[in-house]
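Accompanying notes for the structure given below.
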Amino acid sequence: MSKMNIRREERPQVKAECLRLLATLKLDPARMQLISGFIDTYLRLDNTEKQVFQAAISTMGLDEQEEIMEIVTSWQQSGAQKTREEIALNLLREGLAIEVIIRVTGLTVEQVQQLRVRDCQK
């Protein structure tokens, strides 16, 4: 998308339309997250652009608005989960007890143990 020469002032509308089209495809969650993550990465918006983006979404039908907001919410949840996992991984590397890591990050015992295993495999 970076080579598509999208003008800065058109970015919010382009992002809204991409997400509207994505919502109509009814893809499985994994594909939806992959494509929406791509869109979010290449069409990052500043605060002013986010307001224009929200205005563009508000002109769509209620069903489309809900589906687009579900996609955006999944980005936020995915980002928060990744942050918790990164913090847990850093705490594991520092030698903190799993119980402390669970309390600090809100992850489950299984999630922390999986992170430990993956980190040891590297």
Cut-off is 10 Å between beta-carbons; in what order do C120, C18 appear when sorted fewest neighbours first? C120, C18
Could you give the distance between the Cα centres of the stretch 8-30 and the stretch 41-62, to the whole Å? 10
In a Gaussian network model of the chain with springs linking alpha carbons closer than 10 Å, the residue among Q111, Q54, Q76 that fluctuates most is Q111
Identify all aspartates and glutamates with a Cα-Cα distance to K15 below 12 Å; exclude those on the same chain that are fewer than 8 residues away in sequence. D40, E49
Set K26/K82; K50/K82; K26/K122 screened for pairs whose C-alpha atoms are more than 28 Å apart: K26/K122
With charges only on Cβ, +1 for K and R and -1 for D and E, what is the dipole size of the stretch 2-121 about its Cα centre, in debye, rounded to 20? 380
Between G37, G61, G79, find the one with the highest GNM mean-square fluctuation for the chain; connect C-alpha pairs within less than 10 Å. G61
√(5λ) per eigenvalue of the Cα gyration tensor, the chain, largest first, Å: 35, 15, 14
Between I98, I39, I68, where does the largest GNM mean-square fluctuation fall for the chain, given springs only between Cα atoms within less than 10 Å? I98
Chain lengthening between A80 and E9 when straightened (0.36 nm per residue, less Cα-Cα): 22.7 nm
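Every read-out reported here was derived from the displayed coordinates using simple, explicitly stated rules and does not represent laboratory data. Please read all numbers here as calculations on a predicted model, not as lab measurements. So basically every Cβ, Gly included, is an ideal-geometry build from the backbone, and we count neighbours across all protein chains shown.
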